[in-house]
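**Q** Before we start, here is the structure in question, set down as structure tokens.
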Amino acid sequence: MTEEKKPEEKKKRKTATEAAGKIGPMVKAALAENLRAKEEGKPIAYSFIYSGYDEIIRAMDIVPAWTENYAGICGVKRDAQRFLERAEGENFSRSLCTYALCGLGFDSWREELGEMPPDPPWGGQARPTVMLGSGQVICDPRYKWYQAAQHYMPDVPVYVGGLPYPPYEEDYDYREVQDYYVKYIVEELRGLVEFLEKHTNRKMDWERLSQVVDISDRTWNMISEAYDLRKAVPCPMGTGDAMNTMVPMTFMMGTQEGLDFFKDLYDELKRKIANREGIIPDEKYRLLWGGGLPSWFALTDFNYFNSKGAVFPAEVTYRLVEPVYNLDLPRVSDPLEHLAWRWVRYWTYRHDRARKRPGSTPDVERLIEYIEDYKIDGVVMHEAFSCRSWHPGLIWQLNQLKRVYRDIPSLVLESDIVDISSYNEADTRARIDAFIDTLEAVKSR
Amino acid sequence: MKGQYFAGVDIGSTMTKVVIMDEATLASVIGPTGPEHRKLANRVMEEALGRAKLAFDEITYVVATGYGRINVPFADRQITEISCHARGIAHLLPEVRTVIDIGGQDSKGIKLRDGRAVDFVMNDKCAAGTGRFLEVAAESLGVSLEEMGRLSLEAENRVEISSTCTVFAAQEVVAKLSEGAALADIIAGLHEAIATRIYGMVRRLKIEREVALTGGGAKNIGLVKALEARLGFPALLPPEPLLTGAIGAALLGRDIVKEAEEKGEKLKISPRRLTEATLFT
């Protein structure tokens, strides 16, 4: 049976930083903690990264299970196909988000067996107490995924929220409407607290929540300051590593462990810069990962870029923070209100800048900012076929960038986040080779 | 560079091309790419040498390109087809700023500045938008690939082919035939469908005139006309569109040798042997 097949695991990717090298064991430990929590009867919440719920979950001592991450792990281990096929067998469409498809395949299998599917990657994903959906606007499947999972776990309650933010328009100022958004978000978060209190028998400790929010604010600042160090030439850390360090950024927000990780990363990057220690000894091209989730099963492509003299000092993917001190947040005593303001101000951070450049948008402004700050020679994006919410806009962004800013060499890779059948290493590397040729041609002009 | 000879070997997914040049093209050979690239590269090279009346050890430098470029054991250097096409077109049609290459299994757009590729787009994921699309359709229609272009010009009432997938388009073609649509009208519809896909991809580059069409697709007059209609102006065609990459490869070989001579550097040259490669060589 195809479902029983376990493919050969890919060799471990070489990382540039010690910090990125710690991530594998960290993720493994987090999964083990979930399984242990299950045995100890602690509440487990299926959760989505960057839903805005992190601090609440942590303050209530609920154990988060990051379902997108588990699908990503299956992808990294090149062991997602059997779960994708399982979900397809349940009649879910192949064009659905493959994180969702993989997760639903896993859940349906675990529920059918009453135990983990055979030989699950890193021990498997524990059955949750609650599922916290999030319609955070970049990703529509996050509304429906857990509702679909309820087919297999009808006894597990779902909370579906979704924190909105003012959309960008050239001819209006978000400040006119921001108060409405803040009020709405606060109500959504309060609803989440009530839901969790009801279904997990935990009471919110509001003092504890304030402390957790303070830790996450400091983590936002620490991440920003550490990542800013990558402006150095030679660059001490690339996007390949950032696809690892997204773990503490997204899965440990509001924890001391997450904050400490980025303090350590900051110190390590400082050390590397002092020693002029780059990702590669002879850095020829500096590239921006301009959008799209990576192919988790092909992170070694970043090393292939390195072998051609190219490094990625910056990426827009998984850089989900700005320095809090730059967001001009009002002083409020309610931690939920603080979270709401931080959310709205993060998403409107580049509105003013975009309005000054006709035809631009906040997303395009971010590309321009990184191109200038990180001395970028070219932009690489990845269109993952199953990530419908984000990737269709990438080409448009690239075109706008070239229209309102300058004609910069670009490469659009095509594959998927989890579905390895969409990937062809030889074709991908042929494209990278050709892209390197164009970078060389542009540089030598 | 008098007395020096350069070879360009372009192993595409469907056709293998070899060009031998000194100051001008001395010989060229085009043959089908089979599953055994290395064996075929040897044979086509041998034939080209025969036509140029040269022994292999008289060739100064060999550059391989195309998707099978790593399977040319006698090449001195492998260079991407993007760079080779750019170099080839810059030599053949220097006024060109955008190249549209329609190959057997992929299609690409290349933006040129000062004779070098500065941006590109590529479709290698889906057969629709490549020569394979027409090949499959020709099989369904019982028409040879060579006839397709000419027949499409006879269309009076072009049929809309709505399927973007090659497999489904082939089914749609059969359905249109059974509905009584004229062969020429269906073929014109197929050309329109492929031109739409290619144009949609290449326009990401901000197309600039002049535009050259290369690859096997450029030998299909129906496809050329459909693309020109999309572009809104006539495209330029090299004398033999299939040879652009191989000519570029030979010219890049010449550039490499010239630069090395100017710098006084010694280039690494592969053994000039055309014995059949085995798995262990």
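The values are calculated or read from the model by the stated rules, or taken from the named source; none is laboratory data. Treat the numbers as computed from the prediction; the structure is a model and nothing was measured. Using ideal geometry, Cβ is built from the backbone for each residue, glycine included, and neighbour counts are taken over all protein chains shown.
**Q** Show the residue pairs meeting these rules: Cβ distance below 6 Å; 6+ apart or different chains; first residue within region A:421-434 and closer than 16 Å to B:Gly66 by Cα and facing chain B (nearest Cβ under 7 Å); second residue in a helix (DSSP H, G or I) and not small (Gly, Ala, Ser).
**A** What qualifies is A:Ala434/B:Ile82.
**Q** Starting from region A:373-401, keep only residues that are closer than 14 Å to B:Leu205 by Cα, then list their pairs with residues that are among the acidic types (Asp, Glu) and at pLDDT 85 or above whose Cβ atoms are within a distance under 7 Å, requiring at least 6 positions of separation or different chains.
**A** A:Gln397/A:Asp363
**Q** Additional query: When region B:81-93 is examined, which residues are found to be touching a strand residue (DSSP E or B) at 6+ places or on another chain (Cβ under 7 Å) and within 14 Å of another protein chain (Cβ to nearest Cβ)?
**A** B:Glu81, B:Ile82, B:Ser83, B:Cys84, B:His85, B:Ala86, B:Ile89, B:Ala90
**Q** Here's something else I'd like to know. Just one of (1) in a helix (DSSP H, G or I); (2) surrounded by 18 or more Cβ atoms within 10 Å (Cβ to Cβ); (3) of a type outside the set (S, T, N, Q) trips up B:Ala212, so point out which.
**A** Tallying (1) in a helix (DSSP H, G or I); (2) surrounded by 18 or more Cβ atoms within 10 Å (Cβ to Cβ); (3) of a type outside the set (S, T, N, Q), B:Ala212 fails exactly one: (1).
**Q** Condition first: in contact with a helix residue (DSSP H, G or I) (Cβ under 9 Å, 6 or more places away or on another chain), not in a helix (DSSP H, G or I) and not small (Gly, Ala, Ser). Can you find one or more residues in region B:179-193 that meet it?
**A** no
**Q** Identify, from the list B:Ile89, B:Ile100, B:Ile82, the residue that is within 15 Å of the chain's Cα centre (by Cα), assigned to a strand (DSSP E or B) and among the β-branched types (Val, Ile, Thr).
**A** Values: B:Ile89 fails: assigned to a strand (DSSP E or B); B:Ile82 fails: assigned to a strand (DSSP E or B).
Criteria check complete, one pass: B:Ile100.
**Q** Oh, and also: Inside region A:391-419, can you point out the residues that are acidic (Asp, Glu) and facing chain B (nearest Cβ under 8 Å)?
**A** Of everything in region A:391-419, those that are acidic (Asp, Glu) and facing chain B (nearest Cβ under 8 Å) turn out to be A:Asp407, A:Glu414.
**Q** Only one of B:Asp119, B:Asp114, B:Asp76 is farther than 21 Å from A:Val379 by Cβ and facing chain A (nearest Cβ under 9 Å). Can you tell me which?
**A** Answer to the check: B:Asp114.
**Q** To continue, here is another question. B:Leu236 versus (1) of a type outside the set (Lys, Arg); (2) in contact with a Gly (Cβ under 8 Å, 6 or more places away or on another chain); (3) over 17 Å from B:Val9 (Cα atoms): which is the lone unmet condition?
**A** Of everything listed in (1) of a type outside the set (Lys, Arg); (2) in contact with a Gly (Cβ under 8 Å, 6 or more places away or on another chain); (3) over 17 Å from B:Val9 (Cα atoms), B:Leu236 misses just condition (2).
**Q** Something else about it: Report, by residue number, each residue of region A:235-273 that is surrounded by fewer than 22 Cβ atoms within 10 Å (Cβ to Cβ), in contact with a Leu (Cβ under 8 Å, 6 or more places away or on another chain) and hydroxyl-bearing (Ser, Thr, Tyr).
**A** Listed by number, the residues that qualify are A:Thr250, A:Tyr266.
**Q** Looking only at region A:175-191, decide whether some residue is at pLDDT 95 or above, farther than 14 Å from A:Leu339 by Cβ, part of a helix (DSSP H, G or I) and hydroxyl-bearing (Ser, Thr, Tyr).
**A** Yes, region A:175-191 has at least one match.
**Q** Moving on. Please specify each residue of region B:46-75 satisfying the condition of being surrounded by fewer than 19 Cβ atoms within 10 Å (Cβ to Cβ), part of a helix (DSSP H, G or I) and more than 18 Å from the chain's Cα centre (by Cα).
**A** Listed by number, the residues that qualify are B:Glu46, B:Glu47, B:Gly50, B:Arg51, B:Phe56, B:Asp57, B:Glu58.
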